[in-house]
Amino acid sequence: MKRRDFIKLSLAAGSAILLPDFTYAATLDLSQIQFSSYDTNKAQTLIIFLYGGASQLAGNLTNMDEIKTHSQSDYESYFGDMTKTTNNCWKEAGGSDMETLLGNGDMTIFRSCYSAVRETEDNKAHRLCTLQNQLGTFDTDDGAGGVLSNLAQILEANNVVNVDTLMPFVTMEGESKFYKQGGSPVPSYLKPVGINEDVDNPYKRESIRRWYYYTEAERESAPDSYWKSDDEGGFDPALTAKMDILAQHHNSPGKIKDIFARRKSMSDFMENVLTSSTPDLGDDAYPTNNHFAKKVETAMKLLINNPDTKVLTLGTGSLGGWDDHNEARDYVDRMQNLFATLKSAMAHLKAAGKEQTINIMVFGEFGRNVNLNSAKGWDHGNLQNLYVLGGKGYFNHKGIVGGTKVVQTGEVNRLYLYPKDNTYWFEPLSIAATLYKIYGVENPEVMTDGYGVIEPLFS
């Protein structure tokens, strides 16, 4: 019996899951990768990672009546309205926008992304779970590369990206473990290009004021200063040329030197992207009350205008973190802002005719338990929602997939959601396998400890 089937059988039977030791995949071995074609899907992806472990309740109030019965703190007296939508989403926490996306066939909510491996290891730690999800393996030693570092090498080996590809990987969150180098060094042009939190052009040389001595006549009217500056400022062309020469002379070979060599062309491209207009989205216009929406709008512009960019990653720091151990009331507004923005992003893709090729994946390291604790928050859990939007040329959206049940493990603050008996569920590593698959890898499980793709997305 396959290990995966054993886990599912054990869970369905409600018995203890005892897993044998086995060898995890670590260092990328390109000779083991079966690659078909990138051109089949022409996929591009925006990954939104919910650092801190977002509660799954915004997208799943199915079990709420039972949860309220067993929770040590009262949900409604703390959160107020908790209205169930048609598909049992939390209306006040983004549920209305979720229903719009579901009704349009634009999104699938997977309610049972669950780790049986972590259950046996009693692992609900932020750092380790984040690392495992971003590496796509339970083997987190130094030989394991990040999912996107692996993908970059695979695409290069199959002539999809090369040194002339314009920003194949972009990060708006710094260099996360998605880009961790494994046993083999990654060429600098495959490493992510960073765009800062303010979505400024990172390659533009900002204007500087040029300063001059006052003439003697001018000094009479400005006795406290010997200097003046021009009003327009600017960057001296001669200084620009000297800086480019110095950058090539003094920098060691690698990412910085490569970027300086291409700075002007990349600056011009980024300026065109950042100043390009978003189509009139009507009622689906991006929210104007949060910086996160501006970042996602820029991400959409970049992906739409640059097919060379394969994957762009960002966190949700602009909304706030998701480690809601206490005073979780702001979770409602964060989820509302998140899904209002995602609805706008989907409308943006449609207006640009890109909903077939560009997809959005939203997930984190884990979910939360469902006991509202004495501090009015949730502690760590082991089941989360995965939200998948767009990519209609290769994803088969199913709306809601997976069911959950409530399990109380004895202590008052140990109230969890588990996959419902005989329902579909998958390990978090299957998210990585699915990413590999849509970019042309036919056997992604060789990099994800034997866990394959999220099956309903392809059936």
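Derivation of every value follows stated rules applied to the coordinates shown; laboratory data play no part. Bear in mind that the values here come from a model prediction, so they are computed numbers and not experimental data. Neighbour counts run over all protein chains shown; Cβ positions are idealised from the backbone, glycine included.
Ordered by the number of other Cβ atoms lying within 10 Å of each residue's own Cβ, fewest first, 380, 325, 70, 348 fall into the sequence 70, 325, 380, 348. Residues 77, 36, 149, ranked from the fewest to the most other C-beta atoms within 10 Å, line up as 77, 36, 149. Per-residue extension of 0.36 nm, minus the Cα-Cα distance of residue 412 and residue 69, leaves a gain of 122.3 nm for this segment. Among 300, 64, a tally of other beta-carbon atoms within 10 Å of each Cβ gives an order, fewest to most, of 64, 300. By the equivalent-ellipsoid construction on the alpha carbon gyration tensor, region 352-459 comes out with semi-axes of 30, 16, 13 Å, ordered largest to smallest.
Once the C-beta distance of residue 163 and residue 291 is scaled by a Förster radius of 30 Å, the resulting FRET efficiency is 0.35 to the nearest 0.05.
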